[in-house]
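I have placed the structure first, in the form of structure tokens, so that the comments after it can refer back to it.
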Amino acid sequence: MMFDRRLLEHFDWGLLLLVLFISGCGLIVLYSAVMAGWQGNGLHSLFERQLIWIGAGTVVMTGVLFFDFRHLNKLNLVIYGVCAGLLIGVLFFGQSGGGSQRWLSFGGISVQPSELMKIALIISLASIYAARVSPEGLSFRQLIKPAVICMIPVGLIVNQPDLGTGLMLLLIAGSITLFVKVEKKVFLILAGLSGCIVPVVWFFGLKAYQKARILTFLDPDRDPLGTGYHIIQSKIAIGSGMITGKGFLQGTQNALAFLPEQHTDFILSVLAEEWGLVGSAVLLVLYFLLISWGLNIAYNCRNLFGSILAFGITSMIFWQIFINIGMVMGLMPVVGMPLPLVSYGGSSVITNMVGFGILLNISMRRFYTS
Amino acid sequence: MVELQRNKERDWMKQRVMVASLCVLIVFIMLFLRLVYLQLIKGEEYRRLSETNCVRLKSIKPSRGLIFDRYGELLVDNRPAFDLVIVLEDAGSVPDTISFLSSLIDEPYVDLMEQIQKAGVGAVYKPIILKKDISRDQLAIVEAHKFDLPGIYVEIEPTRHYIHPKTAAHLLGYLGEVNKKELESGHFPLLRAGDQIGRYGVEKSFESYLQGRRGGRQVEVDVNGRVVQVLKTVEPEPGNDLHLTLDLPLQQLAEDLLDGRDGSVVALDPSNGDVLVMVSSPAFDQNDFIGGISNNKWRALMENPGRPMSNKAIQGEYPPASTYKMLTAIAALEEKAIDIDTTFFCPGFYTFRGRKYHCWSKYGHGRMNVVKALAQSCDVFFYQAGEKTGVDALAQYARGCGLGRPTGIDLDHERQGLIPTSAWKRERFNEAWYPGETLSISIGQGFNLVTPLQMAVFTAAVANGGTLFRPRVASTIKDVHGQVVAELEPEIIGGIPAGKHTLDLVKKGMVDVIQGDRGTARSIRIKQIQMAGKTGTAQVFSRKTGEKFNSENQVRTLQDHAWFVCYAPAQNPVIALSVIIEHGEHGSSAAAPVAGTLVKKYLGLLEPEQPADAPPEG
């Protein structure tokens, strides 16, 4: 393989540093979350495992750099097919955890195909749209194939049941589609149609506990002892951080286990309690930089597929951030959604690292045309 | 041209990215403003809440549903119980406080200390229960010395109260603390450790209705754990009330009649299967089980030879004895082994394959048809009727009449009895069926076993013209406002496989048991109405091995069980009864008067004086 010297020159050191820096901040917060109030010796095993995940994620991210992202365009159906096959495999051979069947095990390594599917769907949609975009926008006929490509995995994942990830796929697909623009007429009809689907989903698609969560969000007084309690405790944790926070390892809400899931979904509450508005604002700025960086890659890429792909990956990161932070601050219903690079969790770390790998890949090959 | 196209495409793409960036910027500004709102504007308030660390969840137990009898008479309700607790953090010197307390309320010091030790470390702030359900006197003393007893508090806990102790104990049942395994099983998502659930009787089978739904309170507490203000409350939902089909006055009378004797009485409404009476004697006091039964009381219950913990109405399996002749008559008539004109001569015994099978009357009954044979309970007639019918046909009819299978009553651990067949014997003993054994089962001796409830269901079916009802213990479930939550409709589980002609003959025989001049239960006859019934005297062949008897007990346990089944009035029955008195000797002398008294009470005919007992017979 011939090494293109330009690749090194164009390497996006800024994005790499940003990703590693946020991961580092994440580890500090996770340390607080799991070590405060812990009686054991040495490091908490969750912290050690997260270190390993970030290490493994970095390796995967680096691996993603070594091929031309344009190959993904050609291989998109293969990747999509494999991921869809794994999702169907989960249906039959999957392992259950917490009431739903999401995992596939290969000789001791468990993978969550729904996570891989996010990336595969983005690649497939980017590939389809790259061949069809026009400033006038897409017509209905052009949207049929993307819609099918999108609904198959969504159906399989919602069936697991994993409503959060299913919703995530829809949000990503919707963002990409709006990004490449649809005809005004199509947009209006789709908007109207989704307005009609919502009540159907509400009455036939949602499980009782899922409805309860949404109702609790709309009216926290409905469930002051369950989810409502979590949200109140989370808000107390965030609010009590005030401007400068209580200091590293000093968070009382965290240490006394008032926070639910403080190392996964509610980790921002730990950060906000211990580092205050200053710390939270720094993280927000870092995330804003990260998203802007991703959009900038889409902006600068000379290859249409690359642009759309970069946008898709960026939207995936964005929605996670928005939903998670909105949730812990009581702006959104409680759905299982980790904070990228900060929350504990292998699947989330690896998927996001693959995403950043693709962004870096596109960025260093931004002068390649189609 | 291509280049131009590309540039145009790129410009357009750049424009889209700019729009997207603007959206992202707006979202991040919104998130930042929310942070500012929470941390700056509301920061002080949340800081205060977090510093006192003061939002706690307190659960509020629901009050359990009440239980009523068929007339709306309250049988089970809830009363406040006072639990004595200690919070170690507030107690100062624990040994001093406890020893003072121990002297005040007269409870052993070591017992109280043991409760604290059991709670273990890490329970400094949590109240530890020292003594559950203290008496009013103890409560008064503790309240009076409140200021000398730092850290000692009284907590009020709703507690089950059985208004008539021992009445219908087996039917009502009792509660027990939910155990760890049940909590982990996920069947009781609303329960927490320390909660009570039904363990026996309808308390158990109607648990899901009676339980109710836990509520809770979000409260702000101060450093001492005292509630400063209530933030949010979710009211508990009280359990639903259960309306039984039980007739309390009749039940109490039946229990009085069985007092001091081991046995069971079941009374049903033949028109719908309502359980009017269900007695199993001796009984236990359900109130003893509240807060856990003491070891001594439990041991006494377990060692009582009368088996008070077993509900004999559904768990007692007895040879049906002569009450089974109703069944033999039905099977023989339907199988055309006999008809209305068939007669057998009874010289007091029946010789079969060179062996003499005795009738209970050693002088013999003379020439008998099926009606007379039922009235006088002639064994010789039924030996021959059964022999002609055959063991397997008898078994088939027995099952059709609801014997040998559970009735499906809403109570746990119902036994199904035993109806032998030739196949059963081959499987069980690897032996062929002997024809002589058919003679034994034809008169209800031998392998057959039935429960008093099965016999009551069977008798009720004979009374109502052949319909077998599932015994119904509860009719309605209502919520706390009196709105009906569920109606438990009567349920038909089968029909006696016999025509009207057959049933009419059997009924005539049963009427003659009481109304006939030579009927075995003529002693309970009354002027106002006609009754129909059948006596039975079950021989106790061998005493169970492994039990220790004193000589007096030994004699008693070799005596026969007394059976009586009946319905009344004979023409339009409103009640069907099955009575068994263990070791009561004769059905006619021991069991029939109990049934007679209950019928009179139910029909409002009870007179103060009782008719004298007639001579005993089978």
Query raised in the report: Of the residues B:R79, B:R64, which is touching a residue at least 24 places away in the same chain (Cβ under 8 Å), surrounded by fewer than 18 Cβ atoms within 10 Å (Cβ to Cβ) and farther than 30 Å from A:N300 by Cβ?
Result: B:R79
Report summary line: If we keep only residues of the stretch A:325-346 that are touching a Phe, Trp or Tyr at 6+ places or on another chain (Cβ under 9 Å) and assigned to a helix (DSSP H, G or I), then the residue surrounded by the fewest Cβ atoms within 10 Å (Cβ to Cβ) is A:G346
Query raised in the report: Do we have any residue at all in the stretch B:356-373 that's surrounded by fewer than 19 Cβ atoms within 10 Å (Cβ to Cβ) and farther than 27 Å from B:A591 by Cβ?
Result: yes
**Report entry** Qualifying positions in the stretch B:469-487 - part of a loop (DSSP other than H, G, I, E, B) and free of Cβ contacts under 8 Å to residues at least 40 places away in the same chain
**Finding:** B:H481, B:G482, B:Q483
Requested in this report: With the condition kept exactly as written, say whether any residue in the stretch A:288-297 is in a helix (DSSP H, G or I), in contact (Cβ under 8 Å) with a residue 40 or more places away in the chain, crowded, with 22+ Cβ neighbours inside 10 Å and more than 10 Å from every other protein chain (Cβ to nearest Cβ).
Outcome: yes
Query raised in the report: Got a number for residues in the stretch A:138-157 being within 18 Å of the chain's Cα centre (by Cα) and either on the phi > 0 side of the Ramachandran plot or surrounded by fewer than 21 Cβ atoms within 10 Å (Cβ to Cβ) (or both)?
Result: 1
Report task. Using the structure shown, decide if A:P135 is surrounded by 14 or more Cβ atoms within 10 Å (Cβ to Cβ), out of contact with any Ser or Thr (no Cβ under 7 Å at 6 or more places or on another chain) and at pLDDT below 90. Result -> no
Report task. Kindly establish whether A:L215 is surrounded by 14 or more Cβ atoms within 10 Å (Cβ to Cβ) and at pLDDT below 75. Result -> yes
Report summary line: Inside the stretch A:135-179, the number of residues satisfying the requirement of being within 14 Å of another protein chain (Cβ to nearest Cβ) and touching a residue at least 24 places away in the same chain (Cβ under 8 Å) is 10
Report summary line: Given (1) among the aliphatic types (A, V, I, L, M); (2) in a loop (DSSP other than H, G, I, E, B); (3) touching a His at 6+ places or on another chain (Cβ under 8 Å), B:V380 misses just (2)
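The values are calculated or read from the model by the stated rules, or taken from the named source; none is laboratory data. What you see is a predicted model; the values in this text were computed from it and never measured. Heads up, the Cβs are rebuilt from the backbone with ideal geometry, glycines too, and the neighbour counts pull from every protein chain shown.
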